[in-house]
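For reference, the structure is listed below as structure tokens.
The values are calculated or read from the model by the stated rules, or taken from the named source; none is laboratory data. The structure presented is a predicted model; accordingly, all values stated were derived computationally and were not measured. A quick note on method: Cβ atoms are made from the backbone with ideal geometry, for glycine too, and the neighbour counts reach across all protein chains shown. Areas reflect the complete protein model, heavy atoms only, side chains present, ligands, DNA and RNA absent. Shrake-Rupley method; radii C 1.70, N 1.55, O 1.52, S 1.80 Å.
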Amino acid sequence: MSTLDRRDFLRHSLAAGAGAAALGRLPDLSVPRNAGRGANPIIITSHTNETGQEAMRQAWEILASGGMALDAVEKGANIVEVDPNDHSVGYGGLPNAAGVVQLDASCMDGKTYSAGSVACIENIKTPSSVARAVMEHTDHVMLVGKGALAFAVSMGFKEENILTPEAREIWIRWRENLSPNDAYGPPVYLRNRSGGGGSDRRPVESHHGTVNVLAVDSNGDVAGITTTSGLSWKVPGRVGDSPIIGAGLYVDNSVGAAGATGRGEDVMKSLASYFIVGRMRDGRTPQQACEDAIEMIVQRYKAVNIDYVPGEKFVALNKDGEVGCAYMGGGGGPPALTMHTPGGQTQYKGTSLYPVRR
Ligand code: ASP
């Protein structure tokens, strides 16, 4: 070995030693907990309605026949996305302030430590499958807007109108309710006919909703999807937490997975799904970890003297098949999740912390 070679060799060995020492302070990221042994498969979703239950039934068939967690979560998410009656995701989702449906979705595969996502994508019914395509067919993680749509079309996804007549009707009602004194709504001379300026104005439905689907397959591999039409009436171009890896979704093959629904702005600031998975790695149960995330967000506001509780719901599962769900401030749907295991389908009721104070 020449002097130069030896110097290089020494420098690299020292650097590697320092790196190893620093890594020594990190948890062991190298060995998946279930490596080499089978796991009990499980799939969960934040949706508790009939579509959510049907989604879990069909997705379960994939897991029950030894299929991959990634295929199961995609199947489950797609079923909810194409349901026109579900106004929180995909086809039939509620639009932004301009009446345009812009969707966000992410996908993460613990087995390969891969992720993909799309944000502000229009005219595609199943954005979670586009997120999977980004993950599997590009070297990128995230595509947005027109680029995401062009990519989807190039991959064979059908471009179509996803604003259903019903969702459009709800959007029109929202616009009419913005103010009693603008040019939207019935002509001004008809407004007071049955008494009161708002008599022709009907209440507008809630604007929260997202679906998380998380699974462990019989190989012990973990995958997850989060998909949404985002907050309805959002400012055009707004991106929520759902497509941000670590915020609306996080998967770690040696620990489990977590997902979020509700006011995405707070989930993004706290990287809540990453936080929850980290807590589970530290030994907390999924239930404790979800509650920890809520406490963390509430305490952050308290620390700057703001008395504010955002509306959010977190769901999580670990590789031992334990699940968790916690809910704060009335956001993200009922405080429960639907799960399917070898024992059948059940609903798990989570905890409600810091109930609505608006
Ligand atoms: N988290 C979603 C977003 O902020 C919306 C929701 O779940 O209600 O886009």
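General remarks:
- For Asp307, solvent-accessible area (1.4 Å; no DNA, RNA or ligand), Å²: 120
- Vicinal HN-Hα couplings computed from phi for the range 226-241 (Karplus, 6.51 cos²θ - 1.76 cosθ + 1.60; Hz; Gly/Pro x): 10, 9, 6, 9, x, 5, 5, 6, 5, 5, x, x, 5, 10, x, 7
- Here the label points at Glu50 and Ala64, each 7 Å from Cα along the C-beta direction, are separated by 2.1 nm in the simple model.
- Net charge in the neighbourhood of Cys120 (other residues with Cβ under 14 Å of its Cβ; Lys, Arg +1, Asp, Glu -1) is 0.
- Accessible-area ranking of Lys75, Lys146, Lys313, largest first, probe 1.4 Å: Lys146, Lys75, Lys313
- Prolate/oblate/rounded call for the range 27-153, Cα gyration tensor, a/c under 1.5 rounded: oblate
- Cβ charges +1 (Lys, Arg) and -1 (Asp, Glu), total dipole of the range 242-332, debye: 120
- Across Phe314, Phe275, the residue with the most accessible area heads the list, and the full order at a 1.4 Å probe is Phe275, Phe314.
- Spacing of the two label points (7 Å from each Cα toward its C-beta) at Asn40 and Val82, in nm: 3.2
- Of the listed residues Asp182, Asp139, the order by accessible area with a 1.4 Å probe, largest first, is Asp139, Asp182.
- Across the cross-link table entries Lys125/Lys146; Lys158/Lys269; Lys234/Lys319, which are compared at the Cα atoms, the separations over 27 Å belong to Lys158/Lys269; Lys234/Lys319.
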